[in-house]
Amino acid sequence: MAYIQFLGAAGVVTGSKHLINTAADSTGKNGFQVLIDCGLFQGQKEWRERNWQDTPVPAKEIDAVVLTHAHLDHSGWIPRLVKGGFHGPIYATPATVDLCAILLPDSGHLQEEDAEFYNKKKKSKHTPALPLYTFDEAQDCLKYFRAVEFETDVQLCPEMSFRYVRAAHILGSSMVEITLKRNGSSRRLLFTGDIGRVRNHNVAPGKVVRSGPQEKESADVVVMESTYGNRRHPHDDPRPQLASVIKQTVARGGSVVIPAFAVERTQKLLFILKQMMQAGQIPAIPVYCDSPMAIKAVEIFLKHKEEYSEDTQRLIDSSGSPPEWPGFTFTSTPAESKKINASRFPCIIISSSGMATGGRILHHLAQRLPDPRNTVLFVGFQAPGTRGATIKSGARTVKIFGEEVPIRAQVAAFEQFSDHADPPELLEWLRTFTRKPDVTYLVHGEPDAANQLRNLIATELKWNVDVAEWMEKVRV
Ligand SMILES: [Zn+2]
């Protein structure tokens, strides 16, 4: 009836891009073509180079894009697709549309900065180095976005429709239920995007948006993420240990630097720090949220109250919104950001990008990593090949701005703040399905993670599970 081709996030956690073609055969001719997600490859060079390759079908022949959520590994290739000739609608939930409106131009800006940096240092093999896309190009693609509310049917073409259901991963995140109809028969496909944590707040503390993915799903074919397929989140409350790391750092006169995604993770951290300060668990030292993106993300977050968890609503009711909190500084200009470098007193700096692949976190790391009084605290997944992964792995130096920076600061990592369900949580969710799918394809995981999750699902649920391969076409 149709086929799916995995154009990204197969054998790797970035570059999510899955093409559905309704053509009757695998030549793809005359089919309606939809991309589910259109993400950037990040991390290792081998993956990043794929960002420069065109899609196997010309971009102008793709009819629509359906986004699951705003993270760049799911949305960040859109400007390139538009640059390549795509002019169709890009569907997303209202909060995802708002988040993409800040994330994509920022990504374009970072691409331009990178190219400029390499040109200055003459370190590029391509002369001159070009950005994958620019700020303006990213801004330009926003006009193709169409907001779609949850649980609203959208007819893509006579034989295909979709609707969004909640994924509980980040603000606006969704799963995509696709219905294919032809010759009186019908097939249901479910693309999970990234799947959020369970509803239990003790197991997944600090959740600022509602927890728990949509239950009682049914589908013939499931395309599911496997980021944490080989790991389990610790099930203890991270806050006591977090408090002790912060207190020790302050006691030795150091500061805490936290690389965090501007969207979701930063908000989560702000709320946790505020709660811990109010409870007297950590000293009320200055907190710098050094990311213009994070400020904009907070504004978007405050606009979409329908997505709040009860804890978030309670804290906002009692303490106001983050920009009003005393001691919390949101820095938007580069000059304000540089001023933080001059701060000699213990403070907490939250900045992005979350895997230290770019952004203002780099100058904070370059300045604070060599000093053993400081702590670098990781609260998110660090993809292999990123600076974040290098620092977290215990390396003695890391390359920042072309220089080897010694790592003498304490390095701590917490896995509990993840917005991805772990295997027991995924199984708990899959058990709510009303029937066994014909086949489940695992994507968005390193090979070991995807394989371990496949074995677990096959053994525990007796489902037919395959690990998707890059560029593989499967008939649905
Ligand atoms: Zn995500």
Practice item. Exactly one condition in (1) aliphatic (A, V, I, L, M); (2) more than 19 Å from residue 263 (Cα to Cα); (3) open to solvent by less than 30 Å² (accessible area, probe 1.4 Å); (4) without any contact (Cβ under 8 Å) to a residue 40 or more places away in the chain is not met by residue 411; state its number. Key: (3)
Revision key, fill the gap. Residue 454 vs (1) within 24 Å of residue 218 (Cβ to Cβ); (2) charged (D, E, K, R); (3) part of a loop (DSSP other than H, G, I, E, B): all pass except (3)
Point to revise | Candidates 384, 370, filtered to the one that is farther than 17 Å from residue 262 by Cβ, part of a loop (DSSP other than H, G, I, E, B) and under 19 Å from the mean Cα position of the chain (by Cα) | key: 384
Study note, to complete from the structure: Inside region 125-161, the number of residues satisfying the requirement of being outside any loop (DSSP other than H, G, I, E, B) and either basic (Lys, Arg) or open to solvent by 80 Å² or more (accessible area, probe 1.4 Å) (or both) is 6
**Study point:** residue 430 being closer than 30 Å to residue 259 by Cβ, surrounded by 15 or more Cβ atoms within 10 Å (Cβ to Cβ) and not aromatic (Phe, Trp, Tyr)
**Key:** no
Point to revise | Checklist (1) more than 16 Å from the ligand (Cβ to nearest atom); (2) open to solvent by less than 30 Å² (accessible area, probe 1.4 Å) applied to residue 384, failing item | key: (2)
Practice item. Among the residues of region 390-427, write down those that are more than 30 Å from residue 229 (Cβ to Cβ) and polar (S, T, N, Q). Key: 397
Check your understanding: Restricting attention to region 297-331, and to residues there that are farther than 30 Å from residue 213 by Cα and open to solvent by less than 60 Å² (accessible area, probe 1.4 Å), which single residue is modelled with the lowest pLDDT?
Key -> 331
Point to revise | Selected residue (only one of 206, 212 is in contact with a helix residue (DSSP H, G or I) (Cβ under 6 Å, 6 or more places away or on another chain) and either buried (at least 19 other Cβ atoms within 10 Å of the Cβ) or modelled with pLDDT of 95 or more (or both)) | key: 206
Review point. Filter region 60-76 for residues that are within 26 Å of residue 353 (Cβ to Cβ) and open to solvent by 10 Å² or more (accessible area, probe 1.4 Å); which is nearest to the ligand (Cβ to nearest atom)?
Key: 71
Point to revise | Spans of strands (runs of 3 or more DSSP E) in region 162-277 with at least 1 residues under 18 Å from the mean Cα position of the chain (by Cα), β-branched (Val, Ile, Thr) and away from the ligand (no atom under 16 Å from the Cβ) | key: 256-259
Review point. Restricting to region 77-98, what's the tally of residues that are among the hydroxyl-bearing types (Ser, Thr, Tyr) and within 16 Å of the ligand (Cβ to nearest atom)?
Key: 2
Check your understanding: From the residues in region 332-349 that are in a helix (DSSP H, G or I) and open to solvent by less than 20 Å² (accessible area, probe 1.4 Å), which one is nearest to residue 277 (Cα to Cα)?
Key -> 340
Point to revise | Only listed residue being out of contact with any Lys or Arg (no Cβ under 7 Å at 6 or more places or on another chain) and under 18 Å from residue 296 (Cβ atoms), chosen from 81, 67, 110 | key: 110
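The values are calculated or read from the model by the stated rules, or taken from the named source; none is laboratory data. The model shown is predicted, which means the values in this text are computed figures rather than measured ones. Note that we place each Cβ from the backbone using ideal geometry, even for glycine, and neighbour counts take in every protein chain shown. These area figures cover heavy atoms from the full protein model, side chains too; ligands, DNA and RNA do not enter into them. Shrake-Rupley method; radii C 1.70, N 1.55, O 1.52, S 1.80 Å.
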